[in-house]
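Worksheet: the structure to be examined is printed underneath.
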Amino acid sequence: MRIFIWSVRRELWEHRWVYLVPLLFGGALMAVAAWQTGVNVSGFDAVAHPMSAAVARRLSLGFDTAARMNLLIGVLVAFVYCAEALHSERHDRSILFWKSLPVGDGMAIAGKAAVPLLFIPALTFAMVLVCQLVARVTFAGTGGHFQSALASPSAAIVEAAVGALWIGPLYAWVLLVSARAPRAVLLVALAPLMLVSMVERLATSDNTITQALFHRGVGRYWPRGHLDLVGGIDALAMAPATVLLRSASLWVGAVVAALLLVGVVRARRRSAESL
Amino acid sequence: MHCVMARAVRRTIAGRVALNGVDLEIEEGRVVGIIGPNGAGKTTLLQALVGLVPVEGELRVLGHDPWNDRAALMREASYVADVSIMPRWLRISDAVAYYDAVHPAFDRAATDELLERGAIPPGARVGTLSKGQVAQVQLALAMGVDARLLVLDEPTLGLDILYRKRFFDMLLTRFAEGGQTVLIATHDVDEIQDVLTDLVFIDRGRVVFQCTVEEYEKRFVEVHVHPEHVEIARGMGPMYERPALAGRVLIFDNGDRSRLSLFGDLRRPSVATLFAAMVHDGETPE
């Protein structure tokens, strides 16, 4: 456990932006939501002029968006991290330094996989908690309260954990490409997915695979108003985390992610050969 | 006990043979120079010894199979390559803390003391240090590990002569005195030959010669021969000769020292010269 924790720490030393970007952008989004909502709730008073539930729901939209955007930023940061995680240590040859220490490839990959699957979800969960707190303070004394699917700590933690598990296979895929591709990792990772989408489009004039990939990736947290990008909403991907948790798709994805991570360990084991 | 035991070790990289049936046995407590030209297979051999690359054949290091048991092996071994492998973003204090956390045989106090003596700021990142300072950091980290085996692969590449001397003086003296095994591949072999106990010559992926330094000193001798005596000296069967100012230098394996001394002063050939002699396999370039 000690080596695992230090392996994660070592990743955060190298990729400091993994926590700086969510803190910076998430903080800014929250500040905007607090300012905008604060202005709108200023005329309400719990005793003299209480806020109705319908109005509270409408005025919660700013914080709800900020909370969802925190999760989306976390996912985007996780993808960029996965692309860099193994490529950078091969690129600067520092893998020879890390491999001179008694840390196995399995442990090193566990530390790397923990960043998108544990650390970033934990960070975004903490950001959503702060968002809930700021929303409570903003709505205090108005008679209304923050209304959102992410309004409670338990909902937020389940969402952060299940969301990471849902996207897990794609994180693992990008990690695998990061361990093998000589350059342009994200492009190489996306290329086969885009190729499959294009073939599907040409062969069937349909975009089921494109939709499935999008919803497996960032679709769950993509702004609802812009989901036409890939032709609509995937009911399962948009389902509450507790529903998703009971779906076979989530667990099949988890198994695929585990298999891909085994592949990442094997790929890292042979990484020094090409240096 | 054997520290390294290699039998018919072979490795092919993209159709090119990097190791071509290496047989090698190294006892514990030896300081071994791995000597060979660029592309001879030195780095591949050392990387195979610390489990960085897989090989065919039989290979045991400190009783471990390096490829399948790297993490366990590296608890007892230390590997230092050139300074460019240290990640530029890494803070020195973080490097020390990481070593301390993951290496069971790491003495943090020893490393801290060496870093302090070298005036290396703990908060500095590797990328902000000079090559010489990075070498000092590597040295401090390596010396903090109480390893049974130290593997050095061109650790002073790109460093000036002062840093090279300081590096080898501190590292090799400490490890050699501690009874640990040291394997070192370097181009600057003449700078370290005084601390070596064994020589291993490698060429085109094969170990072409292996001996102790005692044997090397006893067997090989070179003599600077005046041009008019060269033909007579050649009659005594030199293994190699090379041109020199006012004559030629001839190298003999188990030559008759009393007769050879008639041609001039006898000297021990440098390791680099002996390597050239071995690799040319007795051919005498004109």
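Points 7 angstrom from Cα along the Cβ direction at A:MET194 and B:ASP160: gap in nanometres?
5.0
For region A:2-274, what % of the accessible area comes from carbon and sulfur atoms, probe 1.4 Å?
71
Could you tell me what percent of the DSSP beta bridges with both partners in chain B are antiparallel, to the nearest 5?
That works out to approximately 70 percent antiparallel.
Per residue of B:139-148, count partner chain C-beta atoms within 10 Å of its C-beta, then hand back the mean as an integer.
Neighbouring Cβ atoms belonging to other protein chains average 1 per residue here.
Need one value: the accessible area of B:HIS226 in square angstrom, 1.4 angstrom probe, rounded to the nearest 10.
My reading of the accessible area for B:HIS226 is about 90 Å².
What is the average number of partner chain Cβ atoms found within 10 Å of a Cβ in B:66-77?
The per-residue average across the peptide is 3.
Starting from the 7 Å offset along Cα-to-Cβ, what nm value, one decimal, do you get for the label separation of B:ASN20 and A:ASP45?
Result: 9.6 nm between the two label points.
If r is the Cβ-Cβ distance from A:ALA140 to A:SER249 and R0 is 41 Å, what FRET efficiency results, to the nearest 0.05?
After rounding to 0.05, the efficiency reads 0.50.
I'd like the carbon and sulfur percentage of the solvent accessible area for chain B, probe radius 1.4 Å, heavy atoms only, ligands and nucleic acids excluded.
Using a 1.4 Å probe with all protein chains present, chain B comes out at 49 percent carbon and sulfur.
Fully extended, how many nm does the chain gain between B:ARG10 and B:SER130 (0.36 nm per residue separation, minus their Cα-Cα distance)?
Gain in length upon complete extension: 39.4 nm.
Just to be sure I understand: if you take the accessible area of chain A alone plus chain B alone and subtract the pair, with a 1.4 Å probe, what total do you get in Å², rounded to 100?
Interface area, both chains combined: 2800 Å², rounded to the nearest 100.
Can you give the calculated 222 nm mean residue ellipticity of chain B, where each DSSP H run of n ≥ 4 adds -39,500 (n - 2.57) and the sum is split over every residue, rounded to the nearest 500 deg cm²/dmol?
-9000 deg cm²/dmol
For a quick check of your reading of the filter: which GluC sites (Glu not before Pro) in region B:1-45 sit in a DSSP loop and have no more than 16 other Cβ atoms within 10 Å?
B:GLU28
Please average, across the residues of B:85-92, the number of beta carbons from any other chain that are within 10 Å of each residue's own beta carbon, and give a whole number.
Mean shielding count: 5.
Using a probe radius of 1.4 Å on heavy atoms only, what accessible surface per residue do you get for the protein assembly as shown? Whole Å² is fine.
45
Run the simple label-point estimate for B:LEU262 and A:LEU76 please: 7 Å along Cα→C-beta, distance reported in nm.
Distance between the two pseudo-spin positions: 8.9 nm.
Return the FRET efficiency for the residue pair A:ALA149, A:SER274: r is the Cβ-Cβ distance, R0 is 35 Å, and the value is rounded to the nearest 0.05.
0.15
Is it possible to state the helix-based mean residue ellipticity at 222 nm for chain A, with each DSSP H run of 4+ residues giving -39500 (n - 2.57), the sum divided by total residues, to the nearest 500 deg cm²/dmol? What is it?
That comes out to -23000 deg cm²/dmol.
Cross-link list B:LYS131/B:LYS165; A:LYS99/B:LYS165; A:LYS99/B:LYS42; B:LYS42/B:LYS218: which exceed 24 angstrom alpha carbon to alpha carbon?
In this structure, A:LYS99/B:LYS165; B:LYS42/B:LYS218 exceed 24 Å between Cα atoms.
Given a Förster distance of 56 Å, report the FRET efficiency between A:VAL256 and B:ALA119 from their Cβ-Cβ distance, rounded to the nearest 0.05.
0.60
Express in Å², to the nearest 10, the accessible area of A:VAL252 obtained by rolling a 1.4 Å probe over the protein heavy atoms while all chains stay in place.
90
What figure in square angstrom, to the nearest 10, would you give for the accessible area of B:ILE232 with a 1.4 Å probe?
100
May I ask you to order B:189-202, A:191-204 by the average number of other C-beta atoms within 10 Å around their residues, highest value first?
Most protected by this proxy first, the peptides run B:189-202, A:191-204.
Okay, which of region A:132-170 sit inside 14 Å, backbone N to the point 7 Å along the Cα-Cβ direction of A:SER52?
Of the residues in region A:132-170, A:144 have backbone N under 14 Å from the label point off A:SER52.
Mind checking which helices in chain A clear 27 Å along their axis (Cα) and have mean Kyte-Doolittle hydropathy of 1.0 or more, DSSP H runs only?
Within chain A the helices that satisfy the rule are A:17-41, A:61-85, A:120-139, A:153-180, A:185-204, A:248-269.
The values are calculated or read from the model by the stated rules, or taken from the named source; none is laboratory data. What you are looking at is a predicted structure, and each value in this text was computed from that prediction instead of being measured. Cβ sites come from the backbone with ideal geometry, for glycine too, and all protein chains shown count toward neighbours. Heads up: the accessible areas ignore ligands, DNA and RNA and are worked out on the full protein's heavy atoms, side chains in. Shrake-Rupley method; radii C 1.70, N 1.55, O 1.52, S 1.80 Å.
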